[in-house]
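The structure appears below as C-alpha cells.
The values are calculated or read from the model by the stated rules, or taken from the named source; none is laboratory data. This one's a predicted model, so the numbers in the text were calculated from it and none came from an experiment. Ideal geometry is used to build each Cβ from the backbone, glycine not excepted, and the neighbour counts take in all protein chains shown.
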Amino acid sequence: MTLYFLGTMTEEELLQQLDRIGADRRSFPYFAAKQETLRFFVKNVDVRAANALKQEMLSRGGDVIVHRQTIDCGVSHTDALMIGTTGQFSRLLEKLESMPYWGLDKFRLALSEALANFRTASWELALPGGRKLALGGRTKIMGIVNVTGDSFFEGSRRLDPQDAIRMAVSQIEEGADVVDIGGESTRPGALDLDPREEIDRIVPVIKAIRRLQPDAVLSVDTRKAAVARAAVEAGADIINDVSGLRYDSQMAETLRLLQVPVILMHSRETPRTMQENPSYGDVVGEVWDELDQAVKNAVRAGIRKENIILDPGLGFAKDVRHNLSLLKHVKAFSTLGRPLLIGHSRKSTIGHVLSLPSPSDRLEGTLSLTALCAWQGVPLVRVHDVKENFRVVQMIDAVRRAS
C-alpha cells in the first residue's frame, strides 16, 4: 500500500489534490479549514478568560496551554498558547460573540484580525506616477547601493556617484525588484551624518538611475525628513527608515504629505549605541509589540496602513541569539498584516555562526538565509549580491509551485 506524508498545502495545492482524488470542489472550504494546525501566543490573559478559552477550544478539538494554576485561579493572569485549526478558531469566534466579559470581547477582535492577517499573502503598494509594487508569491529582491565610504561591507561602498549609478543599473539587470540607496551608514557604532551631505550624496544618483531606468523601483535608506523629501522629489519611490519614525520628529508628517510607501524597521537607541548590551525577555513578542505600535503611530500621524512595510531589524539592537530567534519565528509577524522585509545580508550573525569575521566571506551564509526566508514566504529580502540571491529565490519559488 502506498502511503506517504504531505505537508501543509497552499489553497491551490489543496484544490489540485481534490481534483486528483476526484472529490467535489464544493468541499474545498470544509477541508481548507481543517488542514493546518495554527498556534497563537497570547500575553496576559485574565485567568477566568483563559479557563473559558481552554474549555471552548477543547470542545472543538483544539487546546490552550496555560499556567498550571489557571484551573483553580491561583494566578490572576496567564500567558497562553492556543492550538487549533482555522475551522476551530472560526467556530470559537462565533461563540465569543456571546461572551463579552473578562476581556474576551477584546480578545475576539484581536483573534479575528490575526486570522485575517495570517491568511493575507499578497499586497499591492501604490508608487509615484501610478506605478505599483506587487509583493507576495516569489520573494522579491531589494539590492543595496551604499553611497558611503564606511558601510560595514566594503564591497557595497560606492561613494563615487558614477560607481553607485553603475552598481544600481547592474543590480536591476541582475533581477533586483527594488534598489535601496543609502547615503549614511547605520552600521553599529556609526555616527550621524549631516542631512545636507546625505542629500548631496544620494540625489544625483537617484536622478541618474531614474533617467536610465524609468520604471525602476527606488528606495532610499534614511532616518531624516529633509533627506526623504529631497529623495522623493528626485525620483525615489519608497522611504526605508531604520528608526521606524523615531529619529526625526518631522518624518511622519513628511511621509503623510509625500504619500509614498515606507519601511518601518524595529530598532532601539541609535546606530552609535544600539549594540551596547541589547536585552529582551521575549525578543519575538517584544519586537512584534513594538512594530505593532510603530504601525499604529504611523497611521495616527496620517500615513496609510496600505503604504507600510515592516522590518524586524536584524542586527539593530539585537545580539546573535535574538537574530536567530527572529529568523526562526519570522512567520510570527504575519499577524501584523503588512508585508515583511528581512535584511540579513552578510551580517555579523552569519559571521558568528560560521566563524567568519570578514563580511566578504559571508555570501553562502547569506544565501542560506535567503532560501529560508523565501521558503517561509517572506515578501522582500534586502541583499548585497543580487544575481546570486535572485537565483536562490527563483529555485525556491519553483519548488514551492511544484505539484
Would you be able to tell me the number of residues in segment 58-82 that are of a type in the set (Asp, Glu) and in a strand (DSSP E or B)? 2
Hey, among Val284, Val260, which residue is of a type in the set (A, V, I, L, M, F, W, C), surrounded by fewer than 24 Cβ atoms within 10 Å (Cβ to Cβ) and in a loop (DSSP other than H, G, I, E, B)? Val260
Of everything in segment 154-188 that's among the hydroxyl-bearing types (Ser, Thr, Tyr) and assigned to a loop (DSSP other than H, G, I, E, B), which residue is surrounded by the fewest Cβ atoms within 10 Å (Cβ to Cβ)? Ser185
Could you grab the pairs with beta carbons closer than 8 Å, sequence gap of 6+ or different chains, first residue in segment 170-186 and on the phi > 0 side of the Ramachandran plot, second one in a strand (DSSP E or B) and not aromatic (Phe, Trp, Tyr)? Gly175/Ile141
Identify, from the list Gly235, Gly189, Gly175, Gly244, the residue that is of a type in the set (Gly, Ala, Ser), in contact with a His (Cβ under 7 Å, 6 or more places away or on another chain) and in the same structural domain as Leu257 (by TED's automatic domain parsing). Gly244
In segment 311-330, what residues are surrounded by fewer than 17 Cβ atoms within 10 Å (Cβ to Cβ) and touching a strand residue (DSSP E or B) at 6+ places or on another chain (Cβ under 7 Å)? none
If we scan segment 64-83, do we find a residue that is surrounded by 16 or more Cβ atoms within 10 Å (Cβ to Cβ), touching a strand residue (DSSP E or B) at 6+ places or on another chain (Cβ under 8 Å) and either of a type in the set (Lys, Arg) or modelled with pLDDT under 90 (or both)? no
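One line per residue, one yes/no per condition, for (1) assigned to a loop (DSSP other than H, G, I, E, B); (2) among the hydrophobic types (A, V, I, L, M, F, W, C); (3) closer than 25 Å to Val295 by Cα:
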position: Val203; (1), (2), (3): no, yes, no
position: Lys207; (1), (2), (3): no, no, no
position: Ala228; (1), (2), (3): no, yes, yes
position: Arg246; (1), (2), (3): yes, no, yes
Just checking, which of Glu269, Glu198 is among the acidic types (Asp, Glu) and surrounded by fewer than 22 Cβ atoms within 10 Å (Cβ to Cβ)? Glu269
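Scanning segment 114-153 for residues that are of a type in the set (D, E, K, R) and at pLDDT 95 or above, which turns out surrounded by the most Cβ atoms within 10 Å (Cβ to Cβ)?
Selected residue: Lys140.
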Quick check on segment 147-203: of everything there that is within 23 Å of the chain's Cα centre (by Cα) and among the acidic types (Asp, Glu), which residue is farthest from Pro261 (Cα to Cα)? Glu184
Assess whether His344 counts as being under 19 Å from Val287 (Cα atoms) and modelled with pLDDT under 95. no
Quick check: is even one residue across segment 344-355 at positive phi, crowded, with 22+ Cβ neighbours inside 10 Å and in the same structural domain as Leu314 (by TED's automatic domain parsing)? yes
Within segment 380-403, residues buried (at least 22 other Cβ atoms within 10 Å of the Cβ), in contact with a Leu (Cβ under 9 Å, 6 or more places away or on another chain) and in a helix (DSSP H, G or I) come out as Asn389, Val392
Within segment 319-348, of all residues that are small (Gly, Ala, Ser) and either part of a helix (DSSP H, G or I) or under 11 Å from the mean Cα position of the chain (by Cα) (or both), the one nearest to Val295 (Cα to Cα) is Gly337
Tell me which of these Val42 doesn't satisfy, since it passes every other one: (1) touching a residue at least 60 places away in the same chain (Cβ under 8 Å); (2) more than 30 Å from Pro100 (Cα to Cα). (2)
Please state which one of Ala216, Ala228, Ala164 is in contact with a Leu (Cβ under 8 Å, 6 or more places away or on another chain), of a type in the set (Gly, Ala, Ser) and under 29 Å from Arg246 (Cα atoms). Ala228
Failed condition for Val262, given (1) without any contact (Cβ under 8 Å) to a residue 24 or more places away in the chain; (2) in contact with a helix residue (DSSP H, G or I) (Cβ under 7 Å, 6 or more places away or on another chain); (3) β-branched (Val, Ile, Thr), with all others met? (1)
Of those in segment 356-369 that are touching a residue at least 24 places away in the same chain (Cβ under 8 Å) and under 18 Å from the mean Cα position of the chain (by Cα), the residue surrounded by the most Cβ atoms within 10 Å (Cβ to Cβ) is Leu369
